[in-house]
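Worksheet: one structure, shown below.
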Amino acid sequence: MSCIDDLIAKHCPNGVEHQELGELASYSDTRISASSVDEESFVGVDNLLPNQAGRTASTYVPTAGNLTEYRPGDILIGNIRPYLKKIWLATNTGGCNGDVLALRIAEVCRSKLTPNFLYRILSSDAFFAFNMQHAKGAKMPRGSKAMILKYRVPTPPVEVQQEIVKVLDVFTKIELELTAELQSELAARKLQYKYYHDKLLTFKDGLASASEGWTTLSEVGTFVRGRRFTNKDFVESGVGCIHYGEIYTHYGLCASETKSFLRPELAATLRMAKNGDLVIAGTGESVEDIGKAVAWLGDDGVAVHDDCYIFTHSLNPKYMAYFFQTSDFNEQKVKFAAGAKMIRVSSEGLGKIRIYVPPFEEQERVVSILDKLAALVNELSSCLPVEIQARRQQYEYYRNRLLTFREAL
């Protein structure tokens, strides 16, 4: 920082000139034929990545008409939902659609403002907050092209700009490396957990005969389908319930409290899971979704939606829920899945799935080990976003400090 401070003290001791963006740059006024672009050179708002993460190859490329041309050094900004902070410093020539703004530094200003520095200024939280402040629309806010050009941009000497960009590049590299390291650690722990999860719950037929533990789900319990309820039946408090969609989005291995409640007067018409039962999703948008199970551990019964099954059994409920997460279970359920738009599995199909049932003490031992492993993974998963956010805040602090200048009078 001292080097930059020295440069500022040397070149602009009385402050830094600020100008409106429109005095320094304008929106691209050149066009390019859609036939000239491909997945790598077309930029739509969908393939600009959130949180200043750049861009990715497009999955859709227009084939007719003209597009706004962008060139190396232009700054592309997603103009829909500015809070997503979509921005990219172009490194090639290409075309973009109307939902992407292509800002180009004026030729006469290139000696006083570098693209890399302007990109850093427009990547700041201050700019995106300004953009959102003047955006129009509630559900799908759109930035104001006119107001964006009124954003005030500092223009310190180019020597200062280059030094700031160099420092911020180092910060960005460190942040990306630390994030990748943390994510790699989490991925490794998840793979380790999955390995032991499957190893502890997968048994080969050669290890034991059917009479010594091999059986099917229909032989260790009974499946009962839930009863239908609709959105109009939901209330703030009442009879606890589990909707099949919540199994994918809200619940994990087990639960003792519900996210949703039904009108109390419906109680007599509902089907309830009791403590120890599994609640199993019987419908989903993919084969991966169906068969996801939640062990109900609440003291009171819970109402179950008719796209779910209640599985009543005498085994350790968490052991059973862990089994429903295994690769072995997932490989078996595929044979019983049916449907196109919505995939379903019948209770008869689920009942045919084979499972090895060890003594109850062994079930408890397996659950104890998996609980500990899951706790480690969950702890790491919860710490990871916090750690990444801390690194990002540290980076943003220094970025804001480097990009904030006292305005010359």
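Taken together, the values in this text are just the output of simple stated rules run on the coordinates, not laboratory data. From a predicted model like this one, the values you see are computed outputs, not experimental measurements. Cβ atoms come from the backbone with ideal geometry, glycine included; neighbour counts cover every protein chain shown.
Figures for the structure shown
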{"quantity": "Relative contact order of the chain, defined on C-alpha pairs under 8 angstrom at six or more residues apart (%)", "calculated": "16"}
{"quantity": "Neighbourhood charge, 13 Å Cβ-Cβ cut-off, centred on Arg142 and excluding it, Lys, Arg +1 and Asp, Glu -1", "calculated": "+4"}
{"quantity": "Proximal charge balance of Glu364 [Cβ under 15 Å; K/R count +1, D/E count -1]", "calculated": "0"}
{"quantity": "Sequence-distant aspartates and glutamates (8 or more away, or on other chains) whose Cα lies within less than 15 Å of Lys136", "calculated": "Asp99"}
{"quantity": "Theoretical gain in end-to-end length, Glu257 to Asp125 [0.36 nm per residue, Cα-Cα removed]", "calculated": "43.6 nm"}
{"quantity": "Gaussian network model of the chain, Cα within-10 Å springs - most flexible of Pro317, Pro154, Pro13", "calculated": "Pro13"}
{"quantity": "Trp214, Trp88, Trp296 arranged by Cβ crowding within 10 Å, fewest neighbours leading", "calculated": "Trp214, Trp88, Trp296"}
{"quantity": "Segment Tyr248-Val167, extension gain: residue separation times 0.36 nm, minus the distance between their alpha carbons", "calculated": "24.8 nm"}
{"quantity": "Ascending count of other beta-carbon atoms within 10 Å, so fewest first, for Cys96, Cys12", "calculated": "Cys12, Cys96"}
{"quantity": "Förster radius 22 Å - calculated FRET efficiency between Gln192 and Arg365 (Cβ-Cβ, nearest 0.05)", "calculated": "0.70"}
{"quantity": "Extent along principal axes [Cα atoms of region 7-70; Å; largest to smallest]", "calculated": "53, 26, 16"}
{"quantity": "When each of Lys112/Lys150; Lys352/Lys372; Lys112/Lys139; Lys292/Lys341; Lys194/Lys335; Lys194/Lys341 is checked by Cα-Cα distance, pairs over 27 Å", "calculated": "Lys352/Lys372; Lys112/Lys139; Lys194/Lys341"}
{"quantity": "Model label zone, Ser286; criterion: amide N under 14 Å from point 7 Å along Cα-to-beta-carbon; scope region 228-262", "calculated": "248-249"}
{"quantity": "Of (1) 27.9; (2) 22.0; (3) 26.0, the label for Kirkwood radius over Cα pairs in Å derived from the coordinates", "calculated": "(3)"}
{"quantity": "Ordering of 372-382, 343-353 by burial proxy (mean other Cβ atoms within 10 Å per residue, highest first)", "calculated": "343-353, 372-382"}
{"quantity": "Other-chain or far-sequence residues with amide H under 5 Å of Arg55's (modelled H)", "calculated": "Leu49"}
{"quantity": "Computed over region 214-357, Cα set: Rg, Dmax in Å", "calculated": "14.4, 44"}
{"quantity": "Radius of gyration, Dmax [region 73-149; alpha carbons; angstrom]", "calculated": "12.5, 41"}
{"quantity": "Label-point gap, in nm, between Ala180 and Val158 - each point 7 angstrom along Cα→Cβ", "calculated": "3.2"}
{"quantity": "Förster-model FRET efficiency, 56 Å R0, Ser33 and Thr216, C-beta, rounded to 0.05", "calculated": "0.35"}
{"quantity": "Sequence of Ile148, Ile290 once ranked by neighbouring C-beta atoms within 10 Å, starting from the fewest", "calculated": "Ile148, Ile290"}
{"quantity": "Label-point separation in nm, Arg71 to Ala138, each point 7 Å along Cα→Cβ", "calculated": "4.3"}
{"quantity": "Region 331-363 and region 216-276: distance between their alpha carbon centers, rounded to Å", "calculated": "20"}
{"quantity": "Relative contact order (percent, whole number), region 214-357, Cα cutoff 8 Å, 6+ residue spacing", "calculated": "33"}
{"quantity": "Value at 222 nm in deg cm²/dmol, rounded to 500, when DSSP H runs of n ≥ 4 in the chain each add -39,500 (n - 2.57)", "calculated": "-11500 deg cm²/dmol"}
